[in-house]
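Novice: Have a look at this one before I ask anything.
The values are calculated or read from the model by the stated rules, or taken from the named source; none is laboratory data. Keep in mind that what you see is a predicted model, and the values were worked out from it rather than measured. Using ideal geometry, Cβ is built from the backbone for each residue, glycine included, and neighbour counts are taken over all protein chains shown. The protein model used for the area step is the full one, side chains on, heavy atoms only, and it has no ligands, DNA or RNA in it. Shrake-Rupley method; radii C 1.70, N 1.55, O 1.52, S 1.80 Å.
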Amino acid sequence: MRAYWSLFHAQRLFVKLFLVMVVATVTVCVVTSLVTIRMSERLFTETFGITNSKVLNQIRTGMESFNDSVVNASAYAAQNGTIKTYLSGGESDSSRMAGTYFGMNQQMRRVKSNVDAYSVGVTAVGVNGRNYSTDRNYWPVPEDRLIGHPLSQRTKAEPKRLIYQYDMERGEGGKAVPYIVASKALMERTTGFIYGDLYISIREDEFRRFYGNFTSAGNDVVILDASGRIVSSNRTEWIGTVSKQLLGYAEPSAEKEEVVSRNADVFGRSSILLSSYIPEYDFYLVNLIDRDYAGGKIVNLRDLVLVGGLIVGAALLLVFLITRRQTRSLTVLVRQMSTVTEKDFDNYVRVTASAGYEVQELSRAYNYMLDELNNYIARLLETQKERRNAELAALQRQINPHFLYNTLASIKILVQKGDKEAAAETINALISLLQNTISNVSETITIEQELENMRNYVFINHARYGDRIRVNVFAAPDCMNYRVPKLIIQPFIENAFFHAFNEKQSGMIYVLVSQADGQLVCEVSDNGDGMDDVGEWSKAEGGTVLPNSKSKRQLFTGIGVRNVHNRILLLYGDEYGVSIDSLKGQGTKIKITLPLITEES
């Protein structure tokens, strides 16, 4: 497994180039196919839209012809005196009644002759309770229901209109059968008296013949009324249902005479929708074309994938051969350069005459780079040494002004108080400190000198603030001659004086110096306020912990504290430095770890 991984690792350039070409080739093929499919769908939509617009017009023409026949039949019935007499008269004589019925039968046949081209039934209902039907099978509504039927109520509400309505009745075997019923109130023109209603009914499956020849799989026709109810469709499961969504798509066609076309998501599928409003019926004629089904018919996906796969396969084979040939010489160079070990800049690449021109030039350039790199490293080491010395000097110059400003401020306050003796003693302590820090050019001093400097600093602070904060020093005798950077303890004493006793009025600061695990350990601890949050901490290499200068509290943000840690890192490395431990109400502990050095470096 490792051998295969090494082989793959050596061929990374070839693999990357080949993968890029594979992705590019496949992407071009897929995008081209998608664009082709999209263009085909758009062309199909436009062409189909034009064709189906003509189809809808043909369907609409057939429905209008049926409406003309219904209008003629209702007009004849409204003008016929025999029908009026039958529906409004009250003859009680049986002979006259028989004659009236016979005349009604003859006239209703003439009314029916106007719509004989269609399989319809004609029913008349009068105000006198009489009714007549040419064939009950075309609309088997019971007589007792017909008078108060919702269709009758709407007919009387709009007596001057010929109204087309949807109805569902039980047929043979108790099966529900949908009907479309045209109704018209029979009314005297002069008086406006309504003496009856005329109903011309047609079964939905008969009405479907107006458009049945124009439907197919994925190509459906739906007829909606003004309420959104589907009164007729080749999809029988939709008949009688209400679709406000479909009505919303179809309604704009009521404002235009032509067919309206749009894309729509109805009945859980994406469709091309064409709609036309038929004012004679107050119906919407809607044509739905399933986009997915139509797209599958336009484009043979299997053939497209097969042809595309063959093209992609041939292209990838050609790309493989060309890429392999171009990257073989580079692979040889990669194998040679991969033998260079980490940080070993003396492993030069051997230039062979059998290698290609590009590889030879790259090998010479690589060897030249190693030469320049070795020279640069030598110069860089020298520069780093000089820079380190300069940084140490800069840090030392930072510490002296920082401490001096605080001390002079203390002396100023003593002078303002008029305590000349305390001011003089403080100045003497300052002079002693300056002699051991500024005048002493040595980079390090002994623990004994550092503790003396610290005592002078404590004296200065006692002179200014009193002795409410006391300092005890415990130093092992065998540690007094070890050397440490100057002012390594003073900054932490300063922080304890000024920040550790804000809530508590008095306390103790302890300074301990000892050896542990081959290191010099200086600890500064207090029993002051302490804290729960010492800010955000950053781990240096070797486990040293120092406070981040962006801490929420300002306890450890002084120049002196950070400089102590930075100086230790610069002088002795990352395994030494400063760590801080604190707990709210229990004080703070500072631990400084240093190497055991007895002579000035």
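Novice: Local charge sum around Ser133 (other residues, Cβ-Cβ under 11 Å, Lys/Arg +1, Asp/Glu -1)?
Specialist: Details: positive: Lys112, Arg136; negative: Asp135, Glu143.
With Lys, Arg at +1 and Asp, Glu at -1, the net is 0.
Novice: Which of Lys504/Lys584; Lys412/Lys589; Lys84/Lys184; Lys417/Lys486; Lys112/Lys184 have a Cα-Cα distance over 22 Å? Write down the numbers at each step before the final one.
Specialist: Details: Lys504/Lys584 12 Å; Lys412/Lys589 31 Å; Lys84/Lys184 14 Å; Lys417/Lys486 32 Å; Lys112/Lys184 15 Å.
Correct reply: Lys412/Lys589; Lys417/Lys486.
Novice: At a Förster radius of 51 Å, what calculated FRET efficiency corresponds to the Cβ-Cβ distance of Ala98 and Lys54, to the nearest 0.05?
Specialist: Details: r = 54 Å, r/R0 = 1.06.
Efficiency, from the Cβ-Cβ distance: 0.40.
Novice: A further question on this structure: Taking the full set of protein chains and a 1.4 angstrom probe, give the accessible area of Arg455 in square angstrom, rounded to the nearest 10.
Specialist: The accessible area comes out at roughly 110 Å².
Novice: Averaged per residue, what accessible area in Å² does the range 141-222 show with a 1.4 Å probe, protein chains only?
Specialist: Numbers: 3990 Å² over 82 residues.
Per residue, the range 141-222 has 49 Å² of solvent-accessible surface.
Novice: Sticking with this one: Which whole-number value in Å³ per residue fits the convex hull of the alpha carbons of the range 87-216? Can you show the working numbers first?
Specialist: Working: hull volume 17.6 nm³, N = 130.
That works out to 135 Å³ per residue.
Novice: If you count, for each residue, the other Cβ atoms within 10 Å and average over each peptide, how do 195-206, 122-133 line up from highest to lowest?
Specialist: On the way: 195-206: 22.5, 122-133: 18.9.
Result, highest mean first: 195-206, 122-133.
Novice: In whole percent, and with a 1.4 Å probe on the protein chains, what portion of the accessible area of the range 145-216 is carbon and sulfur?
Specialist: Values: 1840 of 3600 Å².
After summing per-atom areas, the C and S share lands at 51 percent.
Novice: Going highest first, how would you order 492-505, 469-482 by mean Cβ packing within 10 Å? Kindly include the intermediate steps, with their values, before the conclusion.
Specialist: Details: 492-505: 18.8, 469-482: 14.4.
With the highest mean Cβ count within 10 Å placed first, the list reads 492-505, 469-482.
Novice: Another question about this same structure. Subtracting the Cα-Cα distance from 0.36 nm times the residue separation, let me have the gained length for Phe474 to Lys156 in nm, one decimal. Write down the numbers at each step before the final one.
Specialist: Details: separation 318, 0.36 × 318 = 114.48 nm, distance 11.55 nm.
Once the chain is fully extended between Phe474 and Lys156, it gains 102.9 nm.
Novice: When N counts the residues of the range 133-196, how does its alpha-carbon radius of gyration compare numerically with 2.2 N^0.38 Å, as a ratio?
Specialist: Output field value: 1.24.
Novice: Can you give me the accessible area per residue for the range 50-120, using a 1.4 Å probe, in Å²?
Specialist: Numbers: 3610 Å² over 71 residues.
I get 51 Å² per residue for this part.
Novice: Over the range 444-523, with every protein chain in place, what whole percent of the accessible area is carbon and sulfur at 1.4 Å, could you tell me? Intermediate values should be presented prior to the final figure.
Specialist: Numbers: 1500 of 3280 Å².
Using a 1.4 Å probe with all protein chains present, the range 444-523 comes out at 46 percent carbon and sulfur.
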